[in-house]
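Have a look at the structure below, then the notes.
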Amino acid sequence: MGYIAVLDSSIMVKGQVASAGSKMLAGFVAPFDATVVERLGAAGVDIAGHCESSEFGAGGLFDIEGDLSSCNSLTDAVCGLTERIENGEVDFALFNDYTGAVSRAAAACGLYYIHPTYGTVSRYGLIPAVTSMDQIGVLCKIPEVGFEALKLIAGYDSRDGVMRSDASGVEKGKEPSLNFEIDIIAMETDFSGVYSQVMQILCSAELANNISRYDGIRYGYRAKDYNGLQELYTKSRTEAFGADVKLAAILGAMVLSQENYVRYYDKAMRLRRLIRDSLEFDEYDVIVTKCPVLSRLCGLPSLTTPEHVFIANAGCEELLIAASRGVKI
């Protein structure tokens, strides 16, 4: 199709380094292509390497309360992509943005981010971080190009056990007709005050579990000058993990401990269910907000623009472009 794409460093390309932005995986060479890489290649899309991303996608995890008006540590990296897009070097980028930090940085740089329904895009070949929220999305300058890219990478893959059975593809966003009308109604957000706490508890627990495999023996960076197995573990992880990942590992261990599991993790899981059940898509088609976290918590598709975040019901990506053109607030 003549498109050029870049990938975040957690998406594997056979024979290339896939570090997930971490010293822990510095020098790790991917043994196979991710499904999205296979599909882009089959469609004739050129892959221009990897781009800068936060360590295991954890950037912004402890700054979730920020809306689209706030910047984060990824803004400079995303603005660097903006320059490459403007120069015609890149058409779009693929990220695993489970915290919403990439979406916020995109908005600050005048770009768009498309987060698909959970289970629509295969995660085979994606280095896992937060398994219940990991989902590859598209960063782009032109939403139509982003949705074309999403069409290429979406679809069922038996190698990913959480794929939606109806994930056969994604339709291009519908064009608003001459009779296109929008009614705007206020939405009750009873649980909005706990979004950040629920996200931090669930993400930290899952991230801590996923990075526990990196012990300096079987996987990842190994420290030097250690005395005994325990010191090897401690020094390797201390030297290789960054501050956000260390904090997530500590918090994750705490909320998953026997004495805190029900008090924190189980309660966060119950709240997540209540948040999802509170979204009544029989009363409206699209939610307009400033916070990209809600779609991640609920596994829903969203389009982040420089002004708003548009969220649709599961599998209804085709509504997002139409809504973003019709709503001016």
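The values are calculated or read from the model by the stated rules, or taken from the named source; none is laboratory data. What you see is a predicted model, and the numbers here were worked out from it, not measured in a lab. Every residue, glycine among them, receives a Cβ derived from its backbone with ideal geometry; neighbour counts consider all protein chains shown.
If you go through segment 222-244 and keep only what is crowded, with 20+ Cβ neighbours inside 10 Å and assigned to a loop (DSSP other than H, G, I, E, B), you end up with just Phe241. Test Met24 against the criterion of being of a type outside the set (Ser, Thr, Tyr), closer than 27 Å to Ile217 by Cβ and buried (at least 20 other Cβ atoms within 10 Å of the Cβ), and give yes or no. The answer is yes for Met24. Of all the listed residues (Leu7, Leu74, Leu94), the sole one being buried (at least 22 other Cβ atoms within 10 Å of the Cβ), within 20 Å of the chain's Cα centre (by Cα) and at pLDDT below 90 is Leu74. Set side by side, the residues Leu247, Leu294, Leu207 differ, and just one is in the same structural domain as Ile136 (by TED's automatic domain parsing), in a helix (DSSP H, G or I) and either more than 20 Å from Leu319 (Cα to Cα) or modelled with pLDDT under 95 (or both), which is Leu294. Please determine whether any residue of segment 311-325 is buried (at least 20 other Cβ atoms within 10 Å of the Cβ), assigned to a strand (DSSP E or B), in the same structural domain as Tyr118 (by TED's automatic domain parsing) and touching a residue at least 12 places away in the same chain (Cβ under 8 Å). Yes, because at least one residue in segment 311-325 is buried (at least 20 other Cβ atoms within 10 Å of the Cβ), assigned to a strand (DSSP E or B), in the same structural domain as Tyr118 (by TED's automatic domain parsing) and touching a residue at least 12 places away in the same chain (Cβ under 8 Å). Just one of the listed residues (Glu89, Glu65, Glu55) is surrounded by fewer than 24 Cβ atoms within 10 Å (Cβ to Cβ) and modelled with pLDDT of 90 or more, namely Glu89.
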